[in-house]
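Data block below; observations after.
The values are calculated or read from the model by the stated rules, or taken from the named source; none is laboratory data. Treat the numbers as computed from the prediction; the structure is a model and nothing was measured. For neighbour counting, all protein chains shown are included, and Cβ atoms are generated from backbone atoms with ideal geometry for every residue, glycine included. For the accessible areas, the whole protein counts, side chains as well, though only heavy atoms, and no ligand, DNA or RNA atoms are used. Shrake-Rupley method; radii C 1.70, N 1.55, O 1.52, S 1.80 Å.
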Amino acid sequence: MKTVLFILVFSLSLFTVSAQHTHFQSSQYEYPEIPEVREKLEQWRDQKFGIIIHWGIYAVPGIIESWSICSEDWIGRDSTTTYEKYKRWYFDLAKEFNPVKFDPDQWAGAASDAGMKYLVFTTKHHDGFCMFDTRETDYSIAKGPFQNHPKADVANYVFDAFRKKGLMIGAYFSKPDWHSQYYWWDKYATADRNNNYDIRKNPWRWDQFKKYTFNQVDELMRNYGSIDILWLDGGWVRPLSTVTDEVRSWGARIPEWDQDIDLPRIVANARTLQPGLLVVDRTVHGKYENYQTPEQRIPETQLDDPWESCITLGHAWGWVPNQQYKSTTQIIHSLVEVVAKGGSLLLGVGPTAEGEFPAEVNQYLKEIGQWTSRNGKAIYQTRNTKHYHDGSTWFTQSKDAKKLYAIHCINEGERLPTQIEWSGNEPAKGSKVILLHTGKEVKWNTKAGKTTLFIPKSLPGSLPALAFEISKEL
């Protein structure tokens, strides 16, 4: 089994598409009709920076989340171990998952200090293991070795800790459930990510899965305090009528039958319990995809519809050993670019099997916070501008359009520039230009359509970006 783990860590951790299926931004967006949902959506658009936490039994061996039990040809496993034996081993990891160092208050504090404003937490990934106390299955953190811990109902304590820090709360929930006999039935082999039986010939079994899914979402909405976002993953679980050429281009097998879980009923009930709830039915365009979620990428151009880029801090969504972390500068530059293009950045981290953020994660979050704490006015509660970048300088504006923000990204290893220049977004004559890092005015001029800012020499020698506030009205 050690050989199995080595091969899985080596091969599967190279794929950062594993927690959610990579897809590209689509223009097929429907703005919510319900006033409370519109209001919540605008509140979410103010936040700009969030954290997504993938945590489950996959943290025990430190392997990719869920996907190693999916029988698709891109999955690598030790050829000396049978698929069924491997799957049993994986599901039995629940018997070893005992995160005695679980400290949600530390997580929430680190995220808040980094400048994060909303949380998405995995209540259940595709493997079906629940990080909340559910009556629908015993395959749960609250039923295994951790059951006698005072914080055994993990999701409850995570949500509460982040809520106390003022973050909006999102519940990640996988629509497919590979542990459920109503989705992957042991009567048949599990050929791929889809349910493994013909729903048309077994309507009772699929109806049981629909009830199972409805009941679990109901529990999350009913028993876990105020929830702002229901973040649904597993976009292949959808009515057949919604399968587009975009979906077919993913390369996954499309079954000949609907995988309709009656989402209108699920959402109607959820919004009765959580008025104004945002629903993110990822990759299923329409009324239940309240914002779109390009994964591990930033769209090439500015987008006006609500969206977020979900990007990992390391190279994997959950915890794996020897993570290849992005630098603080890379993350800040991504945040700046995403916000200037009209989106939000959802940064992915994974706690260890013991329940801790790795020391490196805490350090990166601290460093990110050192920048956001000084420069947040250029990020939070902003909206995009028509002319949103020129070279390494990106632009945002206040919601009332009275303030323009210019954020100049500095490459790693480069010295601070003595001056910054851009074309377009020319400040009005007499405008004040404030360097947010110091809160002080800087000198500037405009000649022949080019604006030049003069940078004071007293700044630290290395900063990832410089942000400026420009008064658009005198």
Q. Of the residues that make up segment 373-381, is at least one open to solvent by 10 Å² or more (accessible area, probe 1.4 Å) and either at positive phi or part of a strand (DSSP E or B) (or both)?
A. yes
Q: Working only within segment 108-133, note down all residues that are out of contact with any helix residue (DSSP H, G or I) (no Cβ under 6 Å at 6 or more places or on another chain) and closer than 24 Å to Val217 by Cα.
A: Val120, Thr122, Lys124, His125, His126, Asp127, Gly128, Cys130, Asp133
Q. Applying the selection to segment 103-114, what residues are open to solvent by 10 Å² or more (accessible area, probe 1.4 Å) and either charged (D, E, K, R) or touching a Gly at 6+ places or on another chain (Cβ under 6 Å) (or both)?
A. Asp103, Asp105, Asp113
(Q) Six or more apart or on different chains, Cβ atoms under 6 Å: show the pairs whose first residue is in segment 296-315 and open to solvent by 10 Å² or more (accessible area, probe 1.4 Å) and whose second is modelled with pLDDT of 95 or more and among the acidic types (Asp, Glu). (A) Ile298/Glu337
Q. Which condition does Thr272 not pass, out of (1) open to solvent by less than 10 Å² (accessible area, probe 1.4 Å); (2) without any contact (Cβ under 8 Å) to a residue 12 or more places away in the chain, if it passes all the others?
A. (1)
Q. Is it fair to say Gln381 is more than 27 Å from Asp304 (Cβ to Cβ), out of contact with any Pro (no Cβ under 9 Å at 6 or more places or on another chain) and at pLDDT 95 or above?
A. no
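Yes/no matrix, rows are residues, columns are (1) touching a strand residue (DSSP E or B) at 6+ places or on another chain (Cβ under 8 Å); (2) modelled with pLDDT of 95 or more:
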residue: Gln28; (1), (2): no, no
residue: Val37; (1), (2): yes, yes
residue: Ile63; (1), (2): no, yes
residue: Ser68; (1), (2): no, yes
residue: Ser112; (1), (2): no, yes
residue: Leu119; (1), (2): yes, yes
residue: Thr122; (1), (2): yes, yes
(Q) Given the criterion of a type outside the set (Phe, Trp, Tyr), closer than 21 Å to Gly348 by Cα and part of a loop (DSSP other than H, G, I, E, B), identify the matching residue among Gly144, Gly115, Gly109. (A) Gly115
Q) For segment 388-474, which fully contained strands (runs of 3 or more DSSP E) count at least 1 residues that are under 28 Å from Gly369 (Cβ atoms)? A) 393-398, 403-409, 419-423, 433-435, 450-454, 465-471
Q: Could you please find all residues in segment 419-430 being surrounded by fewer than 17 Cβ atoms within 10 Å (Cβ to Cβ) and at pLDDT below 95?
A: Gly424, Glu426, Ala428, Lys429, Gly430
